[in-house]
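Worksheet for the structure shown next.
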Amino acid sequence: MRLLIVEDESRLAASLKKGLELERYTVDLAADGIAGFDLAVDGDYDLIILDLMLPGLDGLEICRRLRRQQISTPILILTARGDIRDRITGLDSGADDYLPKPFSFEELLARIRALARRPRRLNTEILSFGDLKFNLQTYEVSRAGHSLTLSRREFSLLEYFLRHPRQILTKDQIIAHVWNYDSDILPNTVEVFIKKLRAKINFPKLPLLIQTVRGFGYRLDSHV
């Protein structure tokens, strides 16, 4: 999953980013409301973690503007405001959940998992394509009953393909979804990771997965 954190407390933002990346999430940061809104509009995110008290543009206004633009990305509000009226205002502005500060990291993870299971974005606990299966809760990946060991980046790459089966994905789309916004990506980075992932998910006598569509990109499909 690709997450956007909009938080102006730099230490908290850095801590959340580090912790979530250890949990195999891809995370982008924005330190003010204007930058956060721009990223939320232009980026392909699975979840937005949003502080309310932000410079430039506050969290409530970001929620309202995103919903007015028909952007349905789930929004989890983090804020020091604990009053019930503030929570109601946040939810009425378009947020999906509300977590008051201070909070435990374990509870944040549970909230993220709960929002990911909601049907709005057609998320399920298990993504599959033929005999290839990916459990989003346990991060267990298998092919034809064989357990596979993937790196964090390979998990993100495979998840993106499984969410877009039989669709041609360009290198730019893959980079935008699988890597952080500020990552320094070399021209052959995508090819290198595609090659590594193919080596792990393909087996003799089984259909080959992840095809190269020359001049366009890659596609999760099968052929013998």
Inset, instruction - Can you confirm whether the stretch 35-46 contains a residue that is within 15 Å of residue 79 (Cβ to Cβ) and outside the structural domain of residue 163 (by TED's automatic domain parsing)? - result: yes
Inset, instruction - Determine, yes or no, whether residue 40 is under 28 Å from residue 139 (Cβ atoms) and touching an Asp or Glu at 6+ places or on another chain (Cβ under 6 Å). - result: no
Legend entry - Filter pass, residue 29 being aliphatic (A, V, I, L, M), touching a residue at least 24 places away in the same chain (Cβ under 8 Å) and within 30 Å of residue 153 (Cβ to Cβ): yes
Inset, instruction - Report, by residue number, each residue of the stretch 154-172 that is surrounded by fewer than 17 Cβ atoms within 10 Å (Cβ to Cβ) and within 14 Å of the chain's Cα centre (by Cα). - result: 164
Legend entry - Of residues in the stretch 12-64 being among the charged types (D, E, K, R), more than 18 Å from residue 108 (Cβ to Cβ) and outside any helix (DSSP H, G or I), the one farthest from the chain's Cα centre (by Cα): 58
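The values are calculated or read from the model by the stated rules, or taken from the named source; none is laboratory data. Being a predicted model, the structure only gives us computed values, none of them experimental. When we count neighbours, we look across all protein chains shown, and the Cβ atoms used for this are built from the backbone with ideal geometry, even at glycine.
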